[in-house]
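K.L.:
Mind looking over this structure? Questions follow.
All of the numbers you see were taken from the coordinates with simple rules; none came from a lab. Every value quoted in this text rests on a predicted model; they were computed, and no experiment measured them. A quick note on method: Cβ atoms are made from the backbone with ideal geometry, for glycine too, and the neighbour counts reach across all protein chains shown.
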Amino acid sequence: MTADSPVPELLARARAAQAEYERFDQAQVDDVVAAIAWTILEPERNRYLSERAVEDTGLGDVDDKFRKNYRKTLGLLRDLTGAPSVGVISEDAEKGIIEIARPVGVVGAITPSTNPVATPTNKVMNALKGRNAIILAPSPRGEAVCGELVDLFQQALKKVGAPQALVQKLPRPINKADTETLMKTVDLVVATGSQNNIHSAYSSGTPAVGVGAGNVSVIVDETADLNEAAQKIIASKIFDNATSCSSENSVVALGSVYDDLVAALESQGAKLLTADEQEKLQQLMWPDGKLNSGVIARPARQIAQMAEIDCSAASDVKVLLVQESQTGTAYPFSGEKLCPVLTLYRAEDFDGALAQVADIYAYQGAGHSVGIHTADDARAMQIAMELPTCRVIVNQAHCFATGGSFDNALPFSLSMGCGSWGGNSISENMNYRHYLNTVRVVRSIPAQEVSPEELLGDYWARHGK
């Protein structure tokens, strides 16, 4: 820690605020959460913050940011409304166990430039639901809008009589040293963003919840409604110019429907590149082996112009399609692209599709999620049993479904745990329960003793003693 580090002062204010906030009852806490949610849900503020997010970061689309901020915040508020997070949250008289929710203390939150409003809001609401304080460490690219967001949150906290220092951020300029000091001195780190940030969080010495890399693959089989699948894939891929880690990056189509699926995707605004065009695009996107930040979250037509790909014959180019058969660093289209570029793979049968996704995830994206468009329910179960994935998204637009949706039961979140496959400590959507300590009061109950014969009788009968 440097002598002039701002972290100790921020932490002292946060601890004082959290000590006061810990005395709030459930109704008061829920008012605090509602105040934060309304900060984003109020249309004029949401529109302003969406515009500022794109202006500050240069990433994404204002209208899509507006929809994302609204949908993610409203969905999370729905999840949190009525959820117990103060005092006794569960009591099982038969087992003699009472569960009590307690705060973790001060949370340090690492947030990305791709979602500089939605992700901090999600983390702030979850942290405050558990009576914690939170200090945000935004990406330098999204620091300015994050500062405005925190100012608005503090005004909302004041309105409901809560300490304003419950929500703070690192001051500018955001730097690695301050972020690392924050992670080492808070009580819990929640990290979303680059894998470097996630690894730093896990190695900070502080309990940490991090999430894995995206690189979503989606299988389209011979039973799928191809027009519906294409519509959902394109809608998901172009949303916010593909800033979401849940955007489709590869589509693995069975050979019997491959050409028809390409035609369906083209009807939705996709452009299938020639081999020469694909080579130009690769040179633009990975000029030195690393993804060119200049293409991230840019519209497809703009990326095509940058790569000198002629799109004059197409009235509307929404997604650039490339064809691939290999995976790994030598085949960069097999990885995450964070822009409206979609990679197509052909598989001869469903087992081949599973093997292709496994190869892709051996390179990048293991643990996150796999999509499938199918009329065969058994195939989703086969994916869940065989592939390294924590979520199987069935017949849905992937980026709208993975982080929670009003038509599925996943918790609303912008941070998807990827389990051990993705190097994470959780395999579910990060939610308010990860921001709580749970204390258990345990009382004696009538003994439930058993004998070895009761437990091992069947085993002995089959294998002997």
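K.L.:
At a Cα cut-off below 26 Å, give the lysines reachable from Lys465, other chains included and same-chain residues fewer than 8 away excluded.
P.N.:
none
K.L.:
Near Glu22, within a Cβ-to-Cβ distance under 10 Å, what is the net charge of the other residues, with Lys and Arg +1 and Asp and Glu -1?
P.N.:
Every neighbour counted, the sum reads +2.
K.L.:
Just order 238-247, 24-33, 274-283 by mean Cβ neighbour count inside 10 Å, highest at the front, would you?
P.N.:
Details: 238-247: 25.4, 24-33: 17.3, 274-283: 14.7.
Going from most to least packed, we get 238-247, 24-33, 274-283.
K.L.:
Defining a contact as two alpha carbons under 8 Å apart and six or more residues distant in sequence, what relative contact order in percent does the chain show? Working shown, then result.
P.N.:
Working: 935 pairs, mean separation 81.4, N = 465.
So the answer I get is 18 percent.
K.L.:
If packing is taken as the mean number of other Cβ atoms within 10 Å per residue, what is the order of 456-465, 210-219, 74-83, highest first? Spell out each step's value before the answer.
P.N.:
Details: 456-465: 8.7, 210-219: 26.0, 74-83: 17.2.
Taking the mean over residues of other Cβ atoms within 10 Å, the ranking is 210-219, 74-83, 456-465.
K.L.:
Which FRET efficiency, nearest 0.05, do Arg102 and Met385 yield, Cβ-Cβ r, R0 45 Å?
P.N.:
Values: r = 37 Å, r/R0 = 0.83.
Calculated transfer efficiency: 0.75.
K.L.:
In what sequence, highest mean first, do 315-325, 114-124 appear when ranked by Cβ atoms within 10 angstrom?
P.N.:
Details: 315-325: 17.1, 114-124: 27.4.
Most protected by this proxy first, the peptides run 114-124, 315-325.
K.L.:
Counting every Cα pair in the range 108-255, what percent are over 25 Å apart? Please report the intermediate quantities before stating the final value.
P.N.:
On the way: 4296 of 10878 pairs.
Counting pairs separated by more than 25 Å, the tail of P(r) holds 39 percent.
K.L.:
Mind computing the radius of gyration and Dmax over the alpha-carbon atoms of the range 395-465? Å is fine for both.
P.N.:
21.5, 54
K.L.:
Tell me, how many Å apart are the Cα centres for the range 1-78 and for the range 156-201?
P.N.:
Using only Cα atoms to place each centre, the spacing works out to 12 Å.
K.L.:
Report, to one decimal in Å, the Kirkwood hydrodynamic radius for the range 216-402 based on all distinct Cα pairs. Kindly include the intermediate steps, with their values, before the conclusion.
P.N.:
On the way: mean 1/r = 0.0620 Å⁻¹.
About 16.1 Å for the range 216-402.
K.L.:
Given the chain, what percent of its DSSP beta bridges are antiparallel, to the nearest 5?
P.N.:
25
K.L.:
Here is a follow-up. Under the 0.36 nm per residue contour assumption, what length would be gained going from the current alpha-carbon distance of Gln28 and Arg172 to full extension? List each step's numbers first, then the result.
P.N.:
Numbers: separation 144, 0.36 × 144 = 51.84 nm, distance 3.21 nm.
Separation in residues times 0.36 nm, less the Cα-Cα distance, equals 48.6 nm.
K.L.:
Now, a different point. Which shape class, rounded, prolate or oblate, goes with the range 313-447 when its Cα gyration tensor gives a ≥ b ≥ c as root eigenvalues, a/c under 1.5 marks rounded, and past that a/b bigger than b/c marks prolate?
P.N.:
Prolate.
K.L.:
Also: Counting other C-beta atoms within 10 Å, which of Lys184, Lys271, Lys129 has the fewest, and how do the rest follow?
P.N.:
Numbers: Lys184 15, Lys271 20, Lys129 27.
Sorted ascending by nearby Cβ count, the order is Lys184, Lys271, Lys129.
K.L.:
Also: Exceeding 18 Å between C-alpha atoms, which entries from my cross-link table qualify? They are Lys65/Lys237; Lys290/Lys337; Lys123/Lys290; Lys176/Lys337; Lys123/Lys169. List each step's numbers first, then the result.
P.N.:
Working: Lys65/Lys237 14 Å; Lys290/Lys337 11 Å; Lys123/Lys290 30 Å; Lys176/Lys337 25 Å; Lys123/Lys169 13 Å.
Correct reply: Lys123/Lys290; Lys176/Lys337.
K.L.:
Sticking with this structure for a sec: 7 Å from Cα along Cα→Cβ at both Val88 and Gln326: what's the point-to-point distance in nm?
P.N.:
Rounded to a tenth, the inter-label distance reads 6.5 nm.
K.L.:
Per the Cauchy relation, a quarter of the hull surface: what is the mean projected area of the convex hull of the alpha carbons in the chain, in nm²? If you can, show how the numbers build up before the last one.
P.N.:
Numbers: hull surface 107.4 nm².
With the hull built on Cα positions only, its mean projection is 26.9 nm².
K.L.:
Rounded to the nearest 20 Debye, what is the dipole magnitude of the range 216-402 about its Cα centre when Lys and Arg each give +1 and Asp and Glu each give -1 at the C-beta? Spell out each step's value before the answer.
P.N.:
Values: 12 positive and 25 negative charges, 156 e Å.
About 760 debye.
K.L.:
Quick one: check the C-alpha center-to-center distance for the range 439-465 versus the range 273-346, whole angstrom.
P.N.:
That distance is 59 Å.
K.L.:
With the crude spin-label approximation of a point 7 Å out along Cα→Cβ, what separation in nm comes out for Ser405 versus Glu222?
P.N.:
A separation of 2.7 nm, rounded to one decimal place.
K.L.:
With Cβ to Cβ distances under 14 Å as the rule, what net charge do the other residues near Pro140 carry (K, R +1; D, E -1)?
P.N.:
Values: positive: Arg141, Lys169, Arg172, Lys176; negative: Asp56, Glu143, Asp178.
With Lys, Arg at +1 and Asp, Glu at -1, the net is +1.
K.L.:
Tell me the mean residue ellipticity at 222 nm calculated for the chain from its helices only (DSSP H runs of n ≥ 4, each -39500 (n - 2.57), averaged over every residue, nearest 500). Please list the in-between numbers first.
P.N.:
On the way: 16 runs with 196 residues, N = 465.
Computed ellipticity for the chain at 222 nm equals -13000 deg cm²/dmol.
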